[in-house]
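As structure tokens, the structure follows; a few thoughts come after it.
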Amino acid sequence: MKTVFLDAEGLDSLVLDDLKIKCNSFELFSSTGPDKTGGRIAEAELVILNKVKITRKHLEDAPSIKLICVVATGTDIIDLQAAADLGVTVCNCQAYGTDSVAQHVFTSLLALFTSLLPYHDSVRRGQWQKASQFCFLDHPIIELKGKTLGIVGYGNNGRRVAEIAGAFGMNIVVSRRPGKTGDDRPELEEMLPEVDVLTLHCPLTPQTKNLINSETLALMKPTAFLVNAARGGIVDEGALLESLRTGRLAGAAVDVLSVEPPRDSNPLLDAKLPNLIITPHCAWASREARQQIIDQTVENIRAFEAGNPVRVV
């Protein structure tokens, strides 16, 4: 099939040989702006994309398109109803970042529990060098063993985090996901007072927007930590900032913000708090996870051509 890959930035350094072989006519772009989308897909049969928006008009103006492969899980960038109406199959990638996200969550947890960054900063500023003894213990160090980990969102990522937590000897509790019925797990408000760590792995929906707010944060222990490697809008950033500043929460690590990239700044970034770790939406992005995206896309194309499409949205 004549193929165009609209926005390969972040994936173009991977092994693309199988993808290029499978698509005998292959055109790759690092990025595609809204003004270029229509022209680039006009004669394509297969469109591969990550974040480029595809509207009904795009599809109507490009009747040769048979398949759209999203090199991500989220498909809100595509008018799925228009695709269905026009007979265009849409496939995505799934569960490719599970191990990468879980690893990142525990990287963050271990950094928070061992005061890793404050200790590193102390050494960099020469404080250890001036210490009266060889052990410099100005920051708290806490063990994970015996602590309670609360999980919101028990899909692939939540389950993998729970497995690793078990290896550390942590106790695990899983709350009911807001908006989900027929679930005998505890409500979030019921779970929060007992957790030492709360980690989020649920999607951003109307039910989960600002799920973690001033009221829910007030239910947590002042010694507890929050980790968000899900979506930024799940946490009310103003409420989190206030809890960290006032000592109502011991610390937090967030890999996501409400607006990304945060071009117009963000209150959490501006605060520069020592008990807050911020990373740039990279939890999912190990090289292995990104290669899985390419490999799954090849599988999606092969299955479609064989008449048995997989990962169909």
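None of the figures in this text is laboratory data; all of them are computed from the coordinates on show. Treat the numbers as computed from the prediction; the structure is a model and nothing was measured. Every residue, glycine as well, gets a Cβ built from its backbone with ideal geometry; the counts of neighbours run over all protein chains shown.
In table form, for the structure just shown:
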{"quantity": "Eligible lysines near LYS130 by straight Cα distance, threshold 30 Å, same-chain separation 8 or greater", "calculated": "LYS272"}
{"quantity": "Under 12 Å, Cβ to Cβ, from LEU112 - net charge with Lys/Arg +1 and Asp/Glu -1", "calculated": "0"}
{"quantity": "Relative contact order (percent, whole number), the chain, Cα cutoff 8 Å, 6+ residue spacing", "calculated": "17 percent"}
{"quantity": "Nonlocal amide H pairs with VAL227, under 5 Å, H built at 1.01 Å", "calculated": "LEU198, THR199, LEU200, ALA253"}
{"quantity": "Dipole magnitude of the chain, debye to nearest 20 (Cβ charges: Lys/Arg +1, Asp/Glu -1, about Cα centre)", "calculated": "440 debye"}
{"quantity": "Cα-projected label distance for THR55 with ALA218, points at 7 Å along beta-carbon direction, nm", "calculated": "4.5 nm"}
{"quantity": "Separation of the VAL123 and GLU187 label points, Cα + 7 Å toward Cβ, nm", "calculated": "4.7 nm"}
{"quantity": "Solvent-free Debye scattering, log10 I(q)/I(0), computed from the Cα coordinates of the range 55-156 at q = 0.11, 0.15, 0.18, 0.22 Å⁻¹", "calculated": "-0.62, -0.78, -0.93, -1.12"}
{"quantity": "Positive-end residue, the range 98-278 charge dipole about Cα centroid, Cβ charges, pick of LEU144, TYR119, LEU217", "calculated": "TYR119"}
{"quantity": "Contact order normalised by residue count of the range 1-158, Cα under 8 Å, 6+ apart, percent", "calculated": "16 percent"}
{"quantity": "Cα-based Kirkwood hydrodynamic radius, the range 98-278, one decimal, Å", "calculated": "17.0 Å"}
{"quantity": "Net charge, LEU6 excluded, C-beta distance under 11 Å - Lys, Arg +1, Asp, Glu -1", "calculated": "+1"}
{"quantity": "Estimated dipole of the range 158-284 in Debye, rounded to 20 [Cβ of Lys and Arg +1, of Asp and Glu -1, Cα centre]", "calculated": "220 debye"}
{"quantity": "Point-to-point label distance, GLU260-ASN308, nm (Cα→Cβ direction, 7 Å offset)", "calculated": "3.5 nm"}
{"quantity": "Fewest-first ranking of THR279, THR208, THR297, using other Cβ atoms within 10 Å as the exposure measure", "calculated": "THR279, THR208, THR297"}
{"quantity": "Positive-pole candidate from ALA271, ALA250, ALA239, dipole of the range 236-279, charges at beta carbon", "calculated": "ALA250"}
{"quantity": "Given [x] 44, 24, 16; [y] 41, 22, 18; [z] 29, 24, 19, the label whose value is semi-axes √(5λ) of the Cα gyration tensor in Å derived from this model", "calculated": "[y]"}
{"quantity": "Within the chain, helix-based [θ] at 222 nm, where runs of 4 or more DSSP H residues each add -39,500 (n - 2.57), nearest 500", "calculated": "-9500 deg cm²/dmol"}
{"quantity": "Gain in span if fully extended, THR107 to GLU9, counting 0.36 nm per residue against the direct Cα distance", "calculated": "32.7 nm"}
{"quantity": "The range 1-124: projected area of the alpha-carbon convex hull, averaged over directions, in nm²", "calculated": "10.3 nm²"}
{"quantity": "Euclidean distance of C-alpha centroids, the range 4-30 and the range 233-262, integer Å", "calculated": "37 Å"}
{"quantity": "Summed residue charge, Cβ within 14 Å of ASP295's Cβ, Lys/Arg positive, Asp/Glu negative", "calculated": "+2"}
{"quantity": "Assigned charges on the beta-carbon of Lys, Arg, Asp, Glu; the range 1-149 dipole about Cα centre (debye)", "calculated": "500 debye"}
{"quantity": "Computed over the range 98-278: relative contact order in percent, which uses C-alpha pairs under 8 Å that are six or more apart", "calculated": "18 percent"}
{"quantity": "Reachable lysines, given that their alpha-carbon falls under 24 Å from the alpha-carbon of LYS145 and they are not under 8 places away in the same chain", "calculated": "LYS221"}
{"quantity": "Which listed pairs, of LYS57/LYS209; LYS20/LYS51; LYS57/LYS180, have C-alpha distances above 23 Å, in listed order", "calculated": "LYS57/LYS209; LYS57/LYS180"}
